[in-house]
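Chemist: This is the structure, below, for whatever I ask next.
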């Protein structure tokens, strides 16, 4: 029995959730699947699966092995497809990390359309506002908003991200409305701990030059929607991506400020690890997102 047969069978077992269902899918007898699993575990000298009356579970070693093995099998399938039928649809799994607010408010419709166009693809999407180590955590791609500072990563710019300064009518009634960026020094600021540029707000001045405003930080939180919720509650002034503030501004819950000044903004990037082959399906996804944002940039 070849190593490849053992690995492909293991991936099939994990995907199916049982040896019986994997055997049915592979078209072989159950005993053959069990034998392949035993041979694989003996060769690796590690327990990958735990079989019990309650069912089948995957060990921590098995989960780590599965992540790499599933990617290998998907890449092999894609390599064969490239040779046999370049026009056929994409298939396999893409592991992607993306920020919570941006995905919920902007990205998800594009992802849904992409998956409808490619029914053979599976997207394993993890939403997190933390800094994800895409190399060590095994992601194929990450979507990140803000200023890209890690030169070790390969990145492709998807679109620019405009930012808006805003506060609630109640806050402005109590504390006054800032007219210039310099006025922000006497106000409370609400900032995102995920974006370095959100702590100090850099405004281009009409006559040239810029001014780095430093409001007193009243709240720092690692989620953009939480920042804007706090602003609507009257806790302070926020400088956030426009897509987060748009609905509340349209409802009158927030008032845009300093509209005569340009607030420095970051960009949205598709990032993938250096030194790793960018699979065709991931490249197609990136090209798709670039095209979508060119047609309809985030507000």
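The values are calculated or read from the model by the stated rules, or taken from the named source; none is laboratory data. Values in this document were obtained by computation on a predicted structure and should not be read as measured data. Glycine also receives a Cβ, built like all others from the backbone with ideal geometry; neighbour counts cover every protein chain displayed.
Chemist: Take residue 230 and decide whether it is crowded, with 21+ Cβ neighbours inside 10 Å and touching a strand residue (DSSP E or B) at 6+ places or on another chain (Cβ under 8 Å).
Modeler: Details: crowded, with 21+ Cβ neighbours inside 10 Å: no; touching a strand residue (DSSP E or B) at 6+ places or on another chain (Cβ under 8 Å): yes.
Criteria not met by residue 230.
Chemist: Starting from residues that are under 24 Å from residue 137 (Cα atoms) and part of a loop (DSSP other than H, G, I, E, B), keep the ones in the stretch 91-119 and report whichever is modelled with the lowest pLDDT.
Modeler: Out of the qualifying residues, it is 91.
Chemist: All but one of (1) in a strand (DSSP E or B); (2) modelled with pLDDT of 90 or more; (3) crowded, with 20+ Cβ neighbours inside 10 Å; (4) under 12 Å from the mean Cα position of the chain (by Cα) hold for residue 144; state the number of the condition that does not hold.
Modeler: (2)
Chemist: Given 23, 61, which one is in a helix (DSSP H, G or I) and modelled with pLDDT under 90?
Modeler: Numbers: 61 fails: modelled with pLDDT under 90.
The conditions single out 23.
Chemist: Shifting gears a bit: Filter the stretch 162-183 for residues that are over 24 Å from residue 298 (Cβ atoms), part of a helix (DSSP H, G or I) and in contact (Cβ under 8 Å) with a residue 60 or more places away in the chain and give the result.
Modeler: Within the stretch 162-183, the subset over 24 Å from residue 298 (Cβ atoms) is 169-180, 182-183.
Narrowing the set further to residues that are part of a helix (DSSP H, G or I) leaves 169-175, 182-183.
Residues satisfying the conditions are 169, 170, 171, 172, 174.
Chemist: Can you tell which of 289, 248, 258 is at pLDDT 85 or above, in contact with a helix residue (DSSP H, G or I) (Cβ under 8 Å, 6 or more places away or on another chain) and not assigned by TED's automatic domain parsing to the domain that holds residue 216?
Modeler: Of the residues listed, the single one that is at pLDDT 85 or above, in contact with a helix residue (DSSP H, G or I) (Cβ under 8 Å, 6 or more places away or on another chain) and not assigned by TED's automatic domain parsing to the domain that holds residue 216 is 289.
Chemist: Same structure, new question: Scan the stretch 265-284 residue by residue and report those that are modelled with pLDDT of 80 or more and closer than 30 Å to residue 201 by Cβ.
Modeler: If the condition is that a residue be modelled with pLDDT of 80 or more and closer than 30 Å to residue 201 by Cβ, then 267, 268, 269, 270, 271 are the ones that fit.
Chemist: Out of the residues in the stretch 120-129 that are within 10 Å of the chain's Cα centre (by Cα) and in a loop (DSSP other than H, G, I, E, B), state the one that is modelled with the lowest pLDDT.
Modeler: Among residues in the stretch 120-129 that are within 10 Å of the chain's Cα centre (by Cα) and in a loop (DSSP other than H, G, I, E, B), the one modelled with the lowest pLDDT is 129.
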